[in-house]
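Worksheet for the structure shown next.
The values are calculated or read from the model by the stated rules, or taken from the named source; none is laboratory data. Keep in mind the model is a prediction, meaning the values are calculated, not measured. Backbone-built Cβ (ideal geometry, glycine too); neighbour counts: all protein chains shown.
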Amino acid sequence: MDIFDLVRDKEKESPLAARLRPTNLSEFVGQQHVLGENTLLSRAIKADRLSSIILHGPPGVGKTTIAKIISHTTKSKFETVNATTAGVKDLKEIIEGAKKTLSGKKTILFIDEIHRFNKSQQDLLLPYVEDATITLIGATTENPYFEVNKALISRSLVFALEPLSEENIKQIVLKAINDTEKGLGIYNVEITKEALEFLSGIANGDARVALNAIELATLTTEPTDGKIIVDTEIIKECVQKRAVGYDKSGEMHYNTISAFIKSMRGSDADAAVYYLARMLYAGEDPKFIARRMVIFASEDVGNADPQALVVAVSAAQAVEFIGMPEGRIILSQAVTYLANAKKCNRSYLAIDRAMRDVQDIRIKDIPSHLKDSAVGYKYPHSYPDAYVEQQYLPDELVGKKYF
């Protein structure tokens with residue numbers, strides 16, 4: 001057995017993505033909006049003064065890694081459970097243990113995939129988060145405002161993580177192939193510029209996808225003159241192998257939902273139904289699809305066809321009531337309606353413009369005749385056609401057009 005075989009056996013102990021997981025903030029790549037210098041979360045971690053938090057975002061962007069960093073930097077007792085396998089008994093044991101340590105150090109409980117806990121399991125946590133028996137760190141790929149108990153949300157700070165940029169992915173991959181202690185440095189790997197570009201793009205912001213691909217490429221490519229050259233063709237094969245094993249549709253989740261939305265926006269009902277079928281076949285949560293359709297009905301159809309929002313909301317409620325597989329018929333009816341509806345995004349643009357002005361323009365006061373104890377207000381119904389000229393916008397915004 002040569003050195004290549006020895007190291008290959010060693011790599012079987014844990015995946016590259018797990019071995020390379022950072023243990024401190026200085027090693028973390030990406031998410032500067034929540035972990036950059038002087039951000040709230042980074043200050044709380046460094047000061048070991050963390051309150052309960054919910055981390056949400058797509059897979060492979062650092063939710064579990066942030067929890068691991070906290071576990072390495074805190075002086076608190078750190079407990080971890082995965083909501084896919086843990087139950088009420090596990091939670092009660094951790095809570096009882098936390099009560100016994102209250103006189104000493106705090107207990108931080110990290111719950112991965114917290115959205116998979118049912119309502120009663122989430123309710124169990126409430127009083128202990130409330131009285132600080134435990135400090136909760138929840139991680140979820142779902143929108144917590146839909147999937148996590150509202151009372152837990154109100155007692156936690158919510159941080160939205162974004163897909164990693166292509167530059168972030170490149171940095172992580174290069175670190176992996178150069179790290180001789182935890183990475184692939186011992187193999188003498190060289191990835192071509194084209195392969196690195198391809199991998200950073202197809203990873204779609206998911207570091208785990210990129211690391212799994214480069215690890216598989218390394219372990220399945222024989223060295224030439226003592227060096228392993230990873231080119232684009234090798235990376236394509238490795239990503240395909242990963243996709244076949246983990247994604248029934250053969251397509252990245254966010255690419256598919258993007259194509260679905262854009263097909264409806266482009267009034268192509270056939271394409272929209274195809275992408276709907278592709279997501280359902282892959283096991284996508286129909287509630288996620290329905291929520292995106294409700295957003296689309298308002299954002300892209302808007303007042304060109306107000307009935308579209310009624311159809312989308314009704315479809316979401318019906319799918320919740322009926323379930324799958326029959327829910328696919330309801331979703332298809334709503335999708336074809338939305339795709340064929342007239343489109344108008346003026347309401348969407350109007351609120352965005354108004355929100356920017358709320359943020360950027362200092363308004364001294366609301367016009368006095370519009371206040372609750374108004375003097376000088378002209379009641380429109382007292383005039384012909386229930387209309388009378390008067391100022392409604394604050395002085396600083398007179399003449400502004402949002403819609």
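The table for this structure:
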{"quantity": "Residue satisfying all of: in the stretch 248-277; among the aromatic types (F, W, Y) and surrounded by fewer than 17 Cβ atoms within 10 Å (Cβ to Cβ); modelled with the lowest pLDDT among these", "calculated": "Y254"}
{"quantity": "Matching residues in the stretch 143-154 - criterion: being assigned to a loop (DSSP other than H, G, I, E, B) and buried (at least 17 other Cβ atoms within 10 Å of the Cβ)", "calculated": "V148, N149"}
{"quantity": "Within the stretch 18-36, considering residues that are touching a Lys or Arg at 6+ places or on another chain (Cβ under 9 Å) and assigned to a loop (DSSP other than H, G, I, E, B), the one surrounded by the fewest Cβ atoms within 10 Å (Cβ to Cβ)", "calculated": "T23"}
{"quantity": "Where V319 falls short, out of the listed (1) in contact with a helix residue (DSSP H, G or I) (Cβ under 8 Å, 6 or more places away or on another chain); (2) outside the structural domain of V273 (by TED's automatic domain parsing); (3) not basic (K, R)", "calculated": "(2)"}
{"quantity": "Unmet requirement for T65, which otherwise passes all of (1) in a helix (DSSP H, G or I); (2) surrounded by 13 or more Cβ atoms within 10 Å (Cβ to Cβ); (3) more than 22 Å from the chain's Cα centre (by Cα)", "calculated": "(3)"}
{"quantity": "Which numbered condition I351 fails, given (1) out of contact with any helix residue (DSSP H, G or I) (no Cβ under 9 Å at 6 or more places or on another chain); (2) part of a helix (DSSP H, G or I); (3) without any contact (Cβ under 8 Å) to a residue 12 or more places away in the chain", "calculated": "(3)"}
{"quantity": "Failed item in (1) free of Cβ contacts under 8 Å to residues at least 12 places away in the same chain; (2) more than 21 Å from the chain's Cα centre (by Cα), with Q121 passing the rest", "calculated": "(1)"}
{"quantity": "Top-ranked residue of the stretch 328-379 - restricted to ones that are charged (D, E, K, R) and within 18 Å of G266 (Cα to Cα), ranked as modelled with the lowest pLDDT", "calculated": "R346"}
{"quantity": "Only one of I330, I322 that is surrounded by 14 or more Cβ atoms within 10 Å (Cβ to Cβ) and within 16 Å of R291 (Cβ to Cβ)", "calculated": "I330"}
{"quantity": "One residue from N204, N212, N168 being within 25 Å of P59 (Cβ to Cβ) and in a loop (DSSP other than H, G, I, E, B)", "calculated": "N204"}
{"quantity": "Any hit, the stretch 98-109, residues being under 21 Å from V158 (Cα atoms) and within 21 Å of the chain's Cα centre (by Cα)", "calculated": "yes"}
{"quantity": "Residue in the stretch 159-169 that is farther than 30 Å from E27 by Cβ, among the aliphatic types (A, V, I, L, M) and in contact with a helix residue (DSSP H, G or I) (Cβ under 9 Å, 6 or more places away or on another chain) present", "calculated": "no"}
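Here is a yes/no grid of residues against (1) part of a loop (DSSP other than H, G, I, E, B); (2) of a type in the set (A, V, I, L, M); (3) modelled with pLDDT of 85 or more; (4) more than 21 Å from E27 (Cα to Cα):
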position	(1), (2), (3), (4)
T180	yes, no, yes, no
R208	no, no, yes, no
I228	no, yes, yes, yes
K241	no, no, no, yes
